[in-house]
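Structure first, commentary second.
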């Protein structure tokens, strides 16, 4: 299994990422099947080779009919407020009932020109209204034919965008209506991203940083700074490294940023790796810089050594929260642990420590998902006496788990199974072992070992 390296030296948008993944070997048949099943109308897709700065790349284009077209490529609309010499950015926005900015540069307008080259597929489905909320968009995804993993990723991308827009406009997610996010081309891009990504079967995703431009961009409700609020919120919430370039314009779109936030597992490259395949995805405008994203399938030196290979593992990013507490009661600390676990904490534990002035205290350590960090902080501040929390992002490797069950002493026992460098390991569920030991009056260790031995024999 290869890893994926996304090189975003000139930003990233939804259509550019789709094209790069396709060029790197994503399953086009699976993509076409998914697109044909989307229950909306008013679009067709085109995949073709284009030249960018002398380099041939793949272009993924969602062509909208006249009823659905937008201002994505109207440079005078987007950047007319800036001097003419600055009109070379990546500005690409939808303009609707919110300030949402999505898929800058991602789509051309079928009504404005006729495309003579490439492969076009026209989709006519049941018509849906344009002003959709998050629930409406997720319903469209649920009715589209794709794998369950791809569906979950499409959900996650839209949820990330929705949360970013909600924060930008100080509205609950359910009250934000997305003319832009709900637009046909945006829905198509996100579904295409999810289907293409999972068809590559990659393990890790390396994204060292996203490059963004400078200046301002116009939307229907006014002129906004680059990066636009939704992108800035995504970068902040998911700790995505950002590098500001000297070029004026919007390089990173909300869909591009949300895709990276959803799939990136590493924000630094391995020391050594081998390039297996390179995909190049093109944007829709010509600039003085290459308007492309590169998706590279790579194998690290570690993977090339069979002795170092974990045959079944996954990698993800988590947040570690820490705080020293010397004046909360034991009852309060026990309550806090329960609240943290109930709210989705991955792990919570206390360590004894000595603080300044030799005060005995407890170090509270919480591990959680990135999106849950703010919720965990609120619980800690609300229910303890601490006045400060340390936060750090961590990467972890987890052994993939499966489950099995065996019968011992006339009782059924559930067991976790993991694979460690080809060796199967079995971990009986504590509660079940305890109940069997109590019921049969046998020692806990005897029951535990009996379950493990039965699993080893059956496997």
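Annotations for the structure displayed:
- Identification of strands (runs of 3 or more DSSP E) wholly contained in segment 331-418 with 1 or more residues that are touching a residue at least 40 places away in the same chain (Cβ under 8 Å) and in contact with a helix residue (DSSP H, G or I) (Cβ under 9 Å, 6 or more places away or on another chain) yields 359-368, 390-399, 401-408.
- The set of residues from segment 269-287 being modelled with pLDDT under 95, more than 25 Å from residue 395 (Cα to Cα) and touching a strand residue (DSSP E or B) at 6+ places or on another chain (Cβ under 8 Å) comprises 282, 283, 284, 286, 287.
- Residue satisfying condition, being modelled with pLDDT under 90 and over 30 Å from residue 207 (Cα atoms), within set 404, 398: 404
- Within segment 4-48, the residues that satisfy the criterion of being farther than 16 Å from residue 293 by Cα and either part of a loop (DSSP other than H, G, I, E, B) or not assigned by TED's automatic domain parsing to the domain that holds residue 300 (or both) are 27, 37, 38, 39, 40, 41, 42.
- Residue match in segment 323-343 (condition: surrounded by 13 or more Cβ atoms within 10 Å (Cβ to Cβ) and under 30 Å from residue 2 (Cα atoms)): no
- Exclusive hit being in the same structural domain as residue 139 (by TED's automatic domain parsing), at pLDDT below 95 and under 22 Å from residue 40 (Cβ atoms), set 253, 214: 253
- Count of segment 419-436 residues, restricted to those that are free of Cβ contacts under 8 Å to residues at least 24 places away in the same chain and loosely packed, with under 11 Cβ neighbours inside 10 Å, is 3.
- Condition broken by residue 418, with the remaining ones in (1) assigned by TED's automatic domain parsing to the domain that holds residue 318; (2) closer than 30 Å to residue 260 by Cβ; (3) touching a strand residue (DSSP E or B) at 6+ places or on another chain (Cβ under 7 Å) satisfied: (1)
The values are calculated or read from the model by the stated rules, or taken from the named source; none is laboratory data. None of the values given here were measured: they were computed from a predicted structure. Don't worry about glycine lacking a Cβ; one is built from the backbone with ideal geometry, like all the others, and counts go over all protein chains shown.
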